[in-house]
Amino acid sequence: MAGDKLTGSVAALGRRLRAREVSSVELTLAALARIEGEGRPLGAFLSVNAETALAEARACDQRIARGQGSPLTGVPVAHKDIFVTDHARSGLPSTAGSKMLAGYRSPFDATVVARLGAGIAGGAPGAGMVTLGKLNCDEFAMGSSNENSAFGPVLNPWDRTRVPGGSSGGSAAAVAAGLVPAATGTDTGGSIRQPASFCGVTGIKPTYGLCSRWGMVAFASSLDQAGPLARTAEDCALLLTAMSGFDARDATSAERAPMDLHAAMLAARPGATGTRPLAGLRIGLPREFFPAALAADVGSAVRSALAELETLGAVLVEVSLPRTELSIPVYYIIAPAEASSNLGRFDGVRYGHRAAQHGDLLDMYRKSRSEGFGPEVKRRIMIGTYVLSHGYYDAYYLQAQKLRRMIADDFQACFKQCDVIAGPVAPTVAWRLGAQADDPVKAYLADIFTLPASLAGLPGMSVPAGFGEGRMPVGLQLIGNYFAEGTLLHTAHALQQATDWHLSTPGSPA
């Protein structure tokens, strides 16, 4: 099969490309064939431009032939359609999964897209990855199931009657199904980690500010952060190294020296041995992450992964994050408030959807926004507008910000006792399509384990940790202190060197 050329991790494909065992054009053709065949029923891709992708692949093959490029040069990638792409260069639209942006043509690339890209057609050379297309997502990244896209839901490749998670569900599903070796995503309250868990892939949300938000369509500006999804921790380390770094155009970008996260991932811990690469690593287990309501199958898989980490030398320490339950109301005040502000620009005047039939200017605003936004986006805009309104700002928004600081302080107290915090990503495995359509609060409650790290701005990742009910994937969540991505990746890599959960694919034998 043509798709067999795509077998292997990003790191392995990069090595094969540099050894001239396969060409970027061959990989790109194989990926395009898979997207057209197996990928179409999943709904993971919103747009593909084969002509541009093949042009990039040819340019990458030339770079490799000259002995140039990076470990990522020539490897295919796809981007969550929350990152804008220069339409004149790529021919790809930028929709954020919303009818509101249907027809929008971005005049520039997001920083993340440019840093990973092949840099042809006048663009500055990036890491040299070949952009295949744009991936489906919950509208404006608002959702936990990828059922909120204006262009239809994404299906979980492990069981097409279930959700892939959200909002980066298209990214996770595409990697899990082998349509593309890696993809970008964004995480506001768990939107990389939760779909990575539900689809059995590896995904990391870095420290807030590590990756530029320039060119990322904003949902909640103090929470949104870009990150990669791929098969392995090593793949994520390679991508995150290329994606990250200071960007003067982004006021929230952290002014730090470039980080070689792949080298940090491979670095040996003091006292580590070949059989105990995590010797001395203290892993904190918050008691609030293991409540009685945690599904038994998820708890069993997570405990098995923790036992593997102990075998590798880690020491498990019980800790507490006492304000974990408060993270849900805090997040669902702060995030909608910021969404209400950010989405105010979509009024039918400058760009985006404009109602075909309207009366005066106010009527045009009302009809354009009513037609352009979906139910979940409208719900969050209304909540956000309410909590920011006169008389409610102090009672809701200001109090939520105070609690957010307390949640961050709880983490710092934990990190005095441990190096990494671990637990489940979600309380259950992926649920059935439509199961929570009439109860959005139930979906919000499913974010309880991912929201605290997002509110604190900490790095977190999901690592495949086995299977639960119906042989659906379960992810182990790892949370680190600020800019401790290297420690997270090292821990995940050690686990993946000792286990094979991350190598399982939909349809593979149990």
- Item | Total residues in region 9-64, condition part of a loop (DSSP other than H, G, I, E, B), of a type in the set (S, T, N, Q) and closer than 30 Å to residue 433 by Cβ | 2
- Answer yes or no as to whether residue 463 is among the β-branched types (Val, Ile, Thr) and either loosely packed, with under 15 Cβ neighbours inside 10 Å or not in a helix (DSSP H, G or I) (or both). yes
- Query: Are there any pairs, at least 6 apart or on different chains, whose C-beta atoms fall under 6 Å, with the first in region 476-497 and closer than 20 Å to residue 253 by Cβ and the second part of a helix (DSSP H, G or I), and if so, which?
  - Reply: 480/487; 480/488; 485/261; 486/261; 486/264
- Query: Between a first residue in region 57-68 that is within 15 Å of residue 130 (Cβ to Cβ) and a second residue that is among the polar types (S, T, N, Q), which pairs have beta carbons less than 7 Å apart while being 6 or more apart in sequence or on different chains?
  - Reply: 57/24; 57/28; 60/24; 60/73; 61/23; 61/24; 63/73; 64/73
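Per-residue answers, yes or no, for (1) polar (S, T, N, Q); (2) modelled with pLDDT under 95; (3) in a helix (DSSP H, G or I); (4) under 20 Å from residue 481 (Cβ atoms):
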| site | (1), (2), (3), (4) |
| --- | --- |
| 274 | no, yes, no, no |
| 285 | no, no, no, yes |
| 288 | no, no, yes, yes |
| 292 | no, yes, no, no |
| 299 | no, no, yes, no |
| 304 | yes, no, yes, no |
| 307 | no, no, yes, no |
| 310 | no, no, yes, no |
- Would you be able to say whether some residue in region 436-448 is closer than 26 Å to residue 178 by Cβ, in contact (Cβ under 8 Å) with a residue 40 or more places away in the chain and touching a helix residue (DSSP H, G or I) at 6+ places or on another chain (Cβ under 7 Å)? no
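Answer yes or no as to whether residue 66 is of a type outside the set (Ser, Thr, Tyr) and more than 22 Å from the chain's Cα centre (by Cα).
It is true that residue 66 is of a type outside the set (Ser, Thr, Tyr) and more than 22 Å from the chain's Cα centre (by Cα).
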- Filtering region 378-419 down to residues that are among the acidic types (Asp, Glu) and without any contact (Cβ under 8 Å) to a residue 12 or more places away in the chain, which residue is surrounded by the most Cβ atoms within 10 Å (Cβ to Cβ)? 409
- From 150, 173, grab the single residue that is of a type outside the set (Val, Ile, Thr), in contact (Cβ under 8 Å) with a residue 24 or more places away in the chain, closer than 14 Å to residue 46 by Cβ and surrounded by fewer than 24 Cβ atoms within 10 Å (Cβ to Cβ). 150
- Query: Can you spot a residue in region 465-473 that is touching a residue at least 24 places away in the same chain (Cβ under 8 Å) and either among the β-branched types (Val, Ile, Thr) or under 23 Å from residue 404 (Cα atoms) (or both)?
  - Reply: no
- Message: Just the residues that are small (Gly, Ala, Ser) and touching a residue at least 60 places away in the same chain (Cβ under 8 Å), please, taken from region 300-320.
- Response: 300, 301, 304, 305, 314, 320
- residue 317 passes all but one of the listed conditions (1) modelled with pLDDT of 95 or more; (2) in a loop (DSSP other than H, G, I, E, B); the exception is number (2)
- Item | Selected residue (only one of 196, 182 is in contact (Cβ under 8 Å) with a residue 24 or more places away in the chain, closer than 21 Å to residue 424 by Cβ and in contact with a Leu (Cβ under 9 Å, 6 or more places away or on another chain)) | 196
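The values are calculated or read from the model by the stated rules, or taken from the named source; none is laboratory data. Only a predicted model underlies this, so the values are computations on that prediction, with no experimental measurement involved. Every residue, glycine as well, gets a Cβ built from its backbone with ideal geometry; the counts of neighbours run over all protein chains shown.
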